[in-house]
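One structure below.
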Amino acid sequence: MITDDIAGFHEALHPGTAILGLDLGEKTIGVAVSDRLWSVATPLTTIRRTKFTADAAELLRLVEGRAARGVILGLPRNMDGSEGPRCQSTRAFARNLDRLADLVIGFWDERLSTVAAEKALLEADTTRKRRKEVIDHVAAGYILQGALDRMRHLARQDSP
């Protein structure tokens, strides 16, 4: 199931399951994972992209290993909010992944997530080599944490 809004994503998820966050790039996929309470996103790994079937198999292995039921993909909107070719590619990836697994798939505006991840790594005095190794899954962590924070806000609004 693919949903465009985070409220629909939140409603469709089964409580007590993990969520994966993905930062899709042309060469890599940064992956982060949430705890089962949906409060903290943790950068997990970076997958080197080859072809969709191999990439999806690796992602589904992570889904299975983490008992995840949801996936948040960073949606790379243009700075004016419009969607360009990278958004179309991300949405196509989501449609293809949806055909392979029974997951709830949602999107989160990822504008400036890589910039925020880079800044955090610089502040942590991370070497250039190490930043290059971890930037994608740290960015995925920022994407997923943004979605988790919004879901927590929605849950507070729904409770009396």
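Only the coordinates and a few stated rules stand behind these numbers; no lab work does. It should be emphasised that the depicted structure is a prediction, and the values quoted were computed from it without experimental measurement.
Full extension of the chain between Lys27 and Arg48 gives 6.9 nm of extra length, using 0.36 nm per residue less the Cα-Cα distance. Amide H contacts for Val40 (H built 1.01 Å from N in the peptide plane; partners 5 or more residues away or on another chain; cut-off under 5 Å): Asp35.
Were the residues from Ala67 through Arg150 laid out at 0.36 nm apart, the gain over their Cα-Cα distance would be 27.7 nm.
Close amide H contacts of Ala18 (hydrogens built in the peptide plane, cut-off under 5 Å, sequence separation of 5 or more or a different chain): Ala68, Arg69.
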